[in-house]
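A quick write-up on the structure given underneath.
The values are calculated or read from the model by the stated rules, or taken from the named source; none is laboratory data. Model, not experiment: these values are computed from the prediction. Note that each Cβ is placed from the backbone with ideal geometry, even for glycine, and that neighbours are counted across all protein chains shown.
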Amino acid sequence: MAGVINGNGGRRARHARLRPSSDINVTPMVDVMLVLLIIFMVAAPMMQRGFDVNLPVARRTAPIASERIFVNVPLSYRQNHIVYLGDEAIRVDILDERVRQALANKTDKQVFLRGDGGVQLQDLMDVMDKLKAAGVEKVGIVAKLPGER
């Protein structure tokens, strides 16, 4: 009994110190998460690229006082690269100059883009690039209401 202090209390205390702790150390995980948060906060503004497209909010709106400029992209655009500015057929490479001329005396720099249902999205984006190069501030995409012919 010389090695026993307070009954079995001494052995238990020594044995409890040798057992691994069941608590999870979350400090390294929090450090990693904070570093990732900072990386994403710095990188997120650099990854934004796109076009400003004003989508309609209401089904009915007040009529626009000035004359609208429409650019129509037909299904044959992929073969001949011809779009229609109003009723005039023009090649897409001179679209920016023609739109710049049409917007010269207007205060609102907006154009309405109509595309055939079979036109690929990349073709519409190419036309939108040309419109942005011409100084168009707002590009509205025209669509039909459901059930409209």
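Among the residues of segment 80-101, are any at pLDDT 90 or above and surrounded by fewer than 10 Cβ atoms within 10 Å (Cβ to Cβ)? So far as segment 80-101 goes, yes, one or more of its residues are at pLDDT 90 or above and surrounded by fewer than 10 Cβ atoms within 10 Å (Cβ to Cβ). Tell me which residues, restricted to segment 74-98, are closer than 18 Å to V142 by Cα and either of a type in the set (S, T, Y) or in contact with a helix residue (DSSP H, G or I) (Cβ under 6 Å, 6 or more places away or on another chain) (or both). The answer is Y77, V83, Y84, L85.
Filtering V42, V57 for residues that are outside the structural domain of A134 (by TED's automatic domain parsing), surrounded by fewer than 10 Cβ atoms within 10 Å (Cβ to Cβ), at pLDDT 85 or above and among the β-branched types (V, I, T) leaves a single hit, V42. Scanning segment 103-125 for residues that are touching a strand residue (DSSP E or B) at 6+ places or on another chain (Cβ under 7 Å) and in a helix (DSSP H, G or I) yields D123, L124. Look at segment 106-120: where a residue is touching a residue at least 40 places away in the same chain (Cβ under 8 Å) and a partner is of a type in the set (G, A, S) and in a loop (DSSP other than H, G, I, E, B), sitting 6+ places away or on another chain with Cβ atoms under 7 Å, you get K106/S66; D108/S66. Does any residue of segment 109-121 turn out to be under 20 Å from the mean Cα position of the chain (by Cα) and over 14 Å from R68 (Cα atoms)? There is at least one residue in segment 109-121 that is under 20 Å from the mean Cα position of the chain (by Cα) and over 14 Å from R68 (Cα atoms).
Applying the condition of being among the β-branched types (V, I, T) and in a helix (DSSP H, G or I) to segment 68-101 and asking which residue is farthest from R114 (Cα to Cα) yields I94. Restricting attention to segment 102-118, the residues that are under 21 Å from N80 (Cα atoms) and at pLDDT 85 or above add up to 2.
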